[in-house]
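The values are calculated or read from the model by the stated rules, or taken from the named source; none is laboratory data. In this text, all values refer to a predicted model and were calculated from it rather than measured experimentally. Quick reminder, even Gly has a Cβ in these numbers, built from the backbone with ideal geometry, and neighbours come from all protein chains shown. The area values use the complete protein model at the heavy-atom level, side chains included, leaving out ligands, DNA and RNA. Shrake-Rupley method; radii C 1.70, N 1.55, O 1.52, S 1.80 Å.
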Amino acid sequence: MHIARTRAWSQTVASRAKGPDFWQPYVEEWDNPPVIPSEPFWEKLVKRWLGGWIGLFVVRRVILFPFNFYPFVGILVSAAIKSLRTARNLHRPYFEAKKMSKEQIAVFMEERRWDYLQFGFVAALLEGIPIVGLIFTISNRVGAAMWAHDLEKRQHFVASQKQLDRAARKSQ
């Protein structure tokens, strides 16, 4: 499955007729970007008391277990909880292509929080459907690649606007 997912991403990007030089370095789009704390309180708590991601995995399974007894509710609640993580994982190749740091990724995702929540929710929901979800793990990569391409075009536009603004300020 990993090979199919990777190919789905790379072939979708290739279908857009853009080479590796299309992915330019990260450009901040906002004049006052949101401030992201280095490590949220709950992450510190989890690392300290639960032993990191393994403890978080166990706690998540214990919390979500009762929802599995109610049809559809378990899938919806699970998708809601996994939405941001799913979206971040689907866009990991985009962040790697742009060589973004963890802080830049956090700011980038915070600026588009609702978009990432919605995208991640739908992706996690579709991937959570038994049997058919396997197909959606691949098609979600295609959608993520297409969205990444659109986000990158926006980054190009913002970079060109900032260049024009700098040139205008120099000429004054």
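For this structure, a couple of remarks:
- Residue list for the range 116-125, restricted to those being open to solvent by less than 60 Å² (accessible area, probe 1.4 Å) and within 21 Å of I105 (Cβ to Cβ): Y116, L117, F119, G120, A123, A124
- Pairing each residue of the range 157-172 that is closer than 17 Å to W30 by Cβ with any residue that is among the β-branched types (V, I, T), provided the two are 6+ apart or on different chains, yields C-beta distances under 9 Å for V158/V27; A159/V27; K162/V27.
- The requirement of being hydroxyl-bearing (S, T, Y), over 28 Å from T6 (Cα atoms) and either at pLDDT below 90 or not in a loop (DSSP other than H, G, I, E, B) (or both) is satisfied by S38.
- When L84 is tested against (1) open to solvent by less than 30 Å² (accessible area, probe 1.4 Å); (2) touching a residue at least 24 places away in the same chain (Cβ under 8 Å); (3) within 26 Å of L56 (Cα to Cα); (4) under 11 Å from the mean Cα position of the chain (by Cα), exactly one condition is not met: (1).
One line per residue, one yes/no per condition, for (1) surrounded by 15 or more Cβ atoms within 10 Å (Cβ to Cβ); (2) within 25 Å of T6 (Cα to Cα):
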site: V62; (1), (2): no, no
site: G74; (1), (2): yes, no
site: H91; (1), (2): yes, yes
site: W114; (1), (2): no, no
site: E127; (1), (2): yes, yes
site: G133; (1), (2): yes, yes
site: K153; (1), (2): no, yes
site: F157; (1), (2): no, no
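- Selection of the range 3-21 for residues being over 19 Å from the mean Cα position of the chain (by Cα) and of a type in the set (V, I, T) yields only I3.
- A148 being out of contact with any His (no Cβ under 7 Å at 6 or more places or on another chain) and open to solvent by less than 70 Å² (accessible area, probe 1.4 Å): no
- Enumeration of residues in the range 8-29 that are surrounded by fewer than 12 Cβ atoms within 10 Å (Cβ to Cβ) and part of a loop (DSSP other than H, G, I, E, B): A17, G19, P25
- Pair list, Cβ < 8 Å and 6+ apart or interchain, from the range 14-28 residues that are within 13 Å of E96 (Cα to Cα) to residues that are at pLDDT 80 or above and among the aromatic types (F, W, Y): W23/Y94; Y26/F108
- When residues of the range 93-107 are limited to those that are open to solvent by 30 Å² or more (accessible area, probe 1.4 Å) and closer than 17 Å to D150 by Cβ, the one nearest to the chain's Cα centre (by Cα): P93
- For the criterion of being farther than 19 Å from V27 by Cβ and either modelled with pLDDT under 90 or among the acidic types (D, E) (or both), W49 passes.
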